[in-house]
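A.B. asks: So that we are looking at the same thing, I have put the structure below in structure tokens.
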Amino acid sequence: MSRQLHLNLFLMARGHHEGAWRHPGANPKALTDLELYVDAARIAENAKFDAVFLADTLVGPENSQLVASGLLEPITLLTALALKTERIGLIGTASTTYSHPYTLARQFATLDHISKGRAGWNIVTSWAPKAGENYGLAENVDHADRYRIAQEFVEAVDALWRSFPASSTVDDAASGQFLDIGQVRPAGYAGQHIRTRGPLNVPGSPQGRPVLVQAGQSEDGRAFAAKWAEAIFTAHGHKESAQAFYADVKSRAVALGRRPQDIVILPGLSAAIGSTEYEAKQVWEELDALTSIQAGLDRLSARFGGHDFSTLPLDRPLTRGDFPDPTQVQASKSRAIGYVETTLREGLTLRQLLQRLAGARGHLAIAGTPEQVADTMEDWFRTGAADGFNVMPPVITQQLGLFASEVVPILRKRSLFRSEYDSSSLRGHFGLEELPLSRRVLSAPASSLAVAA
């Protein structure tokens with residue numbers, strides 16, 4: 001079979017645009033209503049998407065009443081979605097800075113069991129200002145330290161997942177032996193920041209371990225991704241930067257002894273779809289009219305570590321001097337650098353920048369017919385910018401429905417996307433190599449498990 005692209009639904013409540021919660025095409029169900037998420041997940045699953053993905057933040061609303069706020073905890077929500085779906089992958093965000101390896105390893109192994117092999121962990125270091133205060137710290141952990149902690153955290157979690165292999169479960173009622181205890185070993189992980197003894201108390205899951213997903217773009221983030229990531233969510237508003245990122249991360253992975261196909265790179269794509277290009281552009285205009293300048297300033301300030309942009313004129317093209325040095329930002333450094341580069345390249349005013357952030361937030365944003373959207377996706381896919389896309393509908397359900405019903409069939413006609421699932425696991429959907437048999441749940445009768453291992 002020829003190479004095909006991957007589609008992941010970035011599931012953001014009523015949509016990715018800041019004004020989506022007010023749009024008549026949005027699902028009106030409460031953000032705390034499970035069925036809001038079930039509705040979207042089923043649209044994606046019926047279209048044979050690889051996975052749904054839930055982001056997360058560890059801070060509550062403080063500055064604005066003008067944007068939708070209040071997120072359900074991802075792992076709990078994905079566990080509920082596992083019971084409402086059958087084949088689609090389930091990727092949840094969890095922090096390496098403000099979690100404990102033993103707890104997180106249990107949670108994701110459990111999700112992988114309950115979903116029968118559809119779990120993925122989006123590994124984040126948590127950039128949000130004031131997150132540290134919510135976990136008893138006087139201030140946030142700085143950028144470099146967050147990645148040093150993350151390296152140890154993932155090593156510890158992986159050691160825990162290895163500590164109780166699936167093959168150790170004999171479960172032979174006739175002989176009275178439940179475990180081959182010789183296979184169960186303490187993780188015994190001791191780093192500078194992380195310590196955990198183990199073994200884990202959840203046996204190896206259907207995939208051996210959940211798929212490891214990552215979204216950092218800084219130098220530290222790329223190095224981390226090259227070592228650990230099996231899928232990467234990345235933000236690029238232009239194909240050239242996406243191509244450079246794609247080539248860089250894949251080459252780093254090869255230098256570490258991995259294969260290029262061991263990492264699936266999925267840039268974010270927020271597409272407004274209409275029967276004509278003019279109609280599609282109207283969708284963005286409608287959404288922009290439902291947003292607030294103050295809410296946009298709050299969002300921009302947070303990305304730059306609390307910098308105040310409110311004194312700048314709204315309709316003058318911004319200069320480099322209007323921004324703090326993005327390389328010194330301790331929040332989301334790569335995103336801050338991207339915002340500055342895009343602003344200067346395109347000569348954006350503050351108002352225009354706020355509109356960009358209200359929509360795609362630095363990801364690829366387009367407006368067009370289904371054919372135009374498919375053309376852009378195919379171009380990025382065939383020219384080394386993407387292995388697929390993290391789909392970010394500006395409005396859910398309206399625009400997600402149009403993407404699934406109008407764009408996906410075009411991709412299929414071009415032999416770029418599956419018509420049916422050919423795998424039952426997220427690892428299989430992404431075309432990733434299976435882990436060793438000893439790490440996976442075996443399907444043989446219980447009495448033969450010890451032999452099969």
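No value in this document is a laboratory result; all are computed from the given coordinates. Fair warning: this is a prediction, and the values are worked out from it, not measured in the lab. We place every Cβ from the backbone using ideal geometry, glycine too, and count neighbours over all the protein chains shown.
A.B. asks: Fewest first, what order do I181, I194, I293, I263 take by the number of other Cβ atoms within 10 Å?
C.D. replies: Listing I181, I194, I293, I263 from fewest to most nearby Cβ atoms yields I181, I293, I194, I263.
A.B. asks: Expressed in nm to one decimal, what extension gain is obtained for the pair D33 and L256 from 0.36 nm per residue of sequence separation less their Cα-Cα distance?
C.D. replies: Numbers: separation 223, 0.36 × 223 = 80.28 nm, distance 4.38 nm.
Extending this stretch completely gives an extra 75.9 nm.
A.B. asks: For K130, go through the lysines and keep the ones whose alpha-carbon is under 26 Å away, minus same-chain ones fewer than eight residues off.
C.D. replies: K333
A.B. asks: Here's a follow-up. Would you please name the trypsin sites (Lys or Arg not before Pro) within region 33-126 that are DSSP coil residues with at most 15 other C-beta atoms within 10 Å of their C-beta?
C.D. replies: Those that pass, being in a loop and sparsely packed, are K84.
A.B. asks: Students often forget the sequence filter, so: which aspartates and glutamates lie under 17 Å Cα-Cα from K48 once same-chain residues fewer than 8 apart are removed?
C.D. replies: Filter leaves D39, E86, D387, E406, E420, D422.
A.B. asks: Taking 0.36 nm per residue of separation and subtracting the Cα-Cα distance, what length does fully extending H307 through Q192 add?
C.D. replies: Answer, rounded to one decimal: 38.1 nm.
A.B. asks: Can you put M392, M12 in order, fewest other beta carbons within 10 Å first?
C.D. replies: Exposure proxy ranking, most exposed first: M12, M392.
A.B. asks: Filter the trypsin sites (Lys or Arg not before Pro) in region 152-199 down to the DSSP loop ones having no more than 12 other Cβ atoms within 10 Å, then list what survives. Numbers along the way, then the final one.
C.D. replies: Details: sites: R162, R195, R197; in loops: R197.
Sparse-neighbourhood loop trypsin sites (Lys or Arg not before Pro): R197.
A.B. asks: With the cut-off at 22 Å, tell me which of the pairs K116/K227; K239/K413; K239/K281; K84/K116 have Cα atoms farther apart than that.
C.D. replies: Correct reply: K116/K227; K239/K413.
A.B. asks: Order by neighbour count: V141, V264, fewest other Cβ atoms within 10 Å first, most last.
C.D. replies: The most exposed by this proxy come first: V141, V264.
A.B. asks: Of all DSSP beta bridges located in the chain, what percent are antiparallel, nearest 5?
C.D. replies: Of the beta bridges lying entirely in the chain, close to 15 percent run antiparallel.
A.B. asks: Continuing with the same structure: If you take the square roots of the eigenvalues of the alpha-carbon gyration tensor of region 216-315 and sort them as a ≥ b ≥ c, do you get rounded (a/c under 1.5), prolate (a/b over b/c) or oblate?
C.D. replies: oblate
A.B. asks: Measuring from label point to label point, each 7 Å out along Cα→Cβ, what is the K116 to K281 span in nm?
C.D. replies: Modelled inter-label distance: 4.8 nm.
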